[in-house]
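What follows is a short report on a single structure.
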Protein chains: 2
Amino acid sequence: MNSFDGKQVLITGGLGFIGSNLAKELARQGARITIVDSLIPEYGGNLWNVEPIKGQVQINISDVRDQHSMKYLIQGQDYLFNLAGQTSHLDSMNNPFPDLEINARAQLSILEACRHFNPEIKVVFASTRQVYGAPESLPVDERHPLHPVDVNGINKIAGESYHLLYHKVYGIKTSVLRLTNTYGPGMRVRDARQTFLGIWIKRLLEGEPILVYGDGKQVRDYNYVSDVVNAMLLCATSESAYGEVFNLGADDPMSLRATAEIMTKLERNGRYEIVPFPGELKKIDIGDYYSDFRRIRSRLDWRPLVSFEEGIRKTVEFYRTNLSHYID
Amino acid sequence: MNSFDGKQVLITGGLGFIGSNLAKELARQGARITIVDSLIPEYGGNLWNVEPIKGQVQINISDVRDQHSMKYLIQGQDYLFNLAGQTSHLDSMNNPFPDLEINARAQLSILEACRHFNPEIKVVFASTRQVYGAPESLPVDERHPLHPVDVNGINKIAGESYHLLYHKVYGIKTSVLRLTNTYGPGMRVRDARQTFLGIWIKRLLEGEPILVYGDGKQVRDYNYVSDVVNAMLLCATSESAYGEVFNLGADDPMSLRATAEIMTKLERNGRYEIVPFPGELKKIDIGDYYSDFRRIRSRLDWRPLVSFEEGIRKTVEFYRTNLSHYID
């Protein structure tokens, strides 16, 4: 697969976890890559993430809220992987405005720039299972009602909807992926702002017990980052993906307790504790979640290739030697 | 019913069509009313709308996007009727940012002000059937999927969602009404920015033919403004309304052609023409729409009391003597 050889590709949030893994794969395929990242400390950007490809990518430090920067950078691109986002649910409740500006308003200005200056561009938008809220039934497919439990979920729905609307009305080739818990080398581990797995890895490697909130029975599904990158590349290059929204998901959803069991076995003194939910998290807890991803399997022939056992082992290995670059 | 006697009430968009009718009813019930309106020419505010009660209301000319103004005005209020909005679907596509700022961002800042400075306030938010998009089935109830066909619909969904979230997480007593085509004295008639019925009334009274787009068979439902005002007062004062979303609707949905037939009979030389859709409107047309409003009927015992024949007759009579105040 070399569809990206010589192609111009823009990645927003490209110094972040998923963006940088995508950039590495695209570099391998010969793409000409421009990364946009704000490097805001609370978000996921980290220059160490692109260390292996630093001569092969153009890095533009700017913010997706900067309309003028985005308008310039979008021109001439064949593909836009639109990954920059505010991902913290708690931050979105404590101060909802940055979340709205990044996850909704900036998306609209990016799409306006595409419409006016590059209507042939292909756009993949990274959304989240958070838009569903607490599932009414499991597994959750794309027709499940959207009942977001936080400001982040509401704004991500707006961001998704703008992408789908600009396909429908203006023909922009957009697609939307609803990611579940994604993990792998490069993820944010200094806190739980991306996924709780980040802080779990950090505590495991620092000899602290993993803290499992609630009763440990909540079910989750996880995707290793290479599987998510593959899904994004498929969406970008498949006619049948444009104007569509797809769940990602895994064949092996499991409880938090089972997750902690697997992870603690990776370290000699690994251990976990079941502790009560902190109040502010309890309010926005969604119970069990795992997705039905048959739509992307049947339409784009995507499926996850890396099991949680294998993926988390690789991830913990990565952080054994790289942790200092992620917690400084 | 005098639940509002002596109560402090804030109405955003209070110089507009529905807001001013609400203000008149609340004034009759003895409420102490503050109206907020931006008087932006493209929107619905018109000082003539409150001429009959001008000594009984405090009028504050400001914009719901002005966080400081809103933060001050919300304090001490018992009720907030949150009606200010950008309503034009075409404007939302031509320049999506004002729509986002008013229908989404300002709603979030209003709710943040309620949360921090007046958590006991009761809030009624005026939303729109536009959030449903083209119906998958008829009549449309509140569980119908949301498939907005324009930027306005996407932002109104965000505005609704913030209101419901702030009830769920912070206990603010909010409710959401999804209005269908509302008409009556005080509506905008200089163009179709509120509902097509406005421009139809203007053309009828100016001796021009009503222009019916498409084939005239599209079905719509209409509410006379006094019925909408009643629904808002019920939501504000009913414990069972908080945290809920309700459709409004009518017992007599009808085709555009039937609507035009009724209206043209009100003027001696009244006539209408069936003409093709202008392209930009065709793109966002939703086909037939009429709502299932059994939820508000059963929970709040609301039902529309004014038939379209009666309501449109009163409305046309109003504009026979007042048209100059609405088109200048």
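The values are calculated or read from the model by the stated rules, or taken from the named source; none is laboratory data. The structure presented is a predicted model; accordingly, all values stated were derived computationally and were not measured. Glycine gets a Cβ as well: all are built from the backbone with ideal geometry, and neighbour counts include every protein chain shown.
Is it true that B:SER161 is at pLDDT 95 or above and farther than 22 Å from B:GLN86 by Cβ? Against the criterion (at pLDDT 95 or above and farther than 22 Å from B:GLN86 by Cβ), B:SER161 does not qualify. Which of the residues that make up the range B:160-199 are on the phi > 0 side of the Ramachandran plot and surrounded by fewer than 20 Cβ atoms within 10 Å (Cβ to Cβ)? Within the range B:160-199, just B:GLY171 meets the criteria.
Among the residues of this structure, B:LYS314 counts as one that is surrounded by fewer than 21 Cβ atoms within 10 Å (Cβ to Cβ) and under 27 Å from B:ASN82 (Cβ atoms).
Among the criteria (1) under 27 Å from A:LEU100 (Cβ atoms); (2) in contact (Cβ under 8 Å) with a residue 24 or more places away in the chain, the one B:ASP66 does not fulfil is (2). Selection over the range B:85-107 of residues that are modelled with pLDDT of 95 or more, of a type outside the set (S, T, N, Q) and within 21 Å of B:ALA236 (Cβ to Cβ) gives a count of 1. The residues of the range B:86-105 that are touching a Phe, Trp or Tyr at 6+ places or on another chain (Cβ under 8 Å) and away from chain A (no Cβ under 11 Å), listed by number, are B:GLN86, B:THR87.
The set of residues from the range B:106-153 being closer than 18 Å to A:ASN95 by Cα, in contact with a Lys or Arg (Cβ under 7 Å, 6 or more places away or on another chain) and either within 14 Å of chain A (Cβ to nearest Cβ) or assigned to a strand (DSSP E or B) (or both) comprises B:ALA106, B:ALA113. Among the residues of the range B:227-240, just one is among the small types (Gly, Ala, Ser) and under 18 Å from B:SER291 (Cα atoms), namely B:ALA231. Screening the candidates A:GLU25, A:GLU42 for the property of being within 25 Å of A:VAL151 (Cβ to Cβ) and in contact (Cβ under 8 Å) with a residue 40 or more places away in the chain yields one hit, A:GLU42. Restricting attention to the range B:114-154, the residues that are under 17 Å from A:LYS168 (Cα atoms) and among the polar types (S, T, N, Q) total 2. The residue of the range A:309-327 that is nearest to A:TYR242 (Cα to Cα), among those that are of a type in the set (A, V, I, L, M) and in a helix (DSSP H, G or I), is A:ILE312. For residues that are at the interface with another protein chain (Cβ under 9 Å from one of its Cβ atoms) and within 17 Å of A:ALA236 (Cα to Cα), tally how many sit in the range A:166-175. Result for the range A:166-175: 1. When residues in the range A:19-38 are screened for being of a type in the set (Val, Ile, Thr) and over 20 Å from A:GLN86 (Cα atoms), 2 of them pass. Listed by position, the helices (runs of 4 or more DSSP H) contained in the range B:39-101 that have at least 2 residues being closer than 26 Å to B:ALA241 by Cβ and touching a helix residue (DSSP H, G or I) at 6+ places or on another chain (Cβ under 7 Å) are B:67-74.
A:ARG178 meets all of the listed conditions (1) touching a residue at least 24 places away in the same chain (Cβ under 8 Å); (2) within 13 Å of another protein chain (Cβ to nearest Cβ); (3) touching a helix residue (DSSP H, G or I) at 6+ places or on another chain (Cβ under 7 Å); (4) of a type outside the set (A, V, I, L, M, F, W, C) but one, namely (2).
Checking each residue in the range B:46-72 for being over 22 Å from the mean Cα position of the chain (by Cα) and surrounded by 15 or more Cβ atoms within 10 Å (Cβ to Cβ) picks out B:GLN56, B:GLN67, B:SER69, B:LYS71. Can you tell me which of A:ARG65, A:ARG32 is of a type in the set (D, E, K, R) and in contact with a strand residue (DSSP E or B) (Cβ under 8 Å, 6 or more places away or on another chain)? None of the others qualify; the one that does is A:ARG32.
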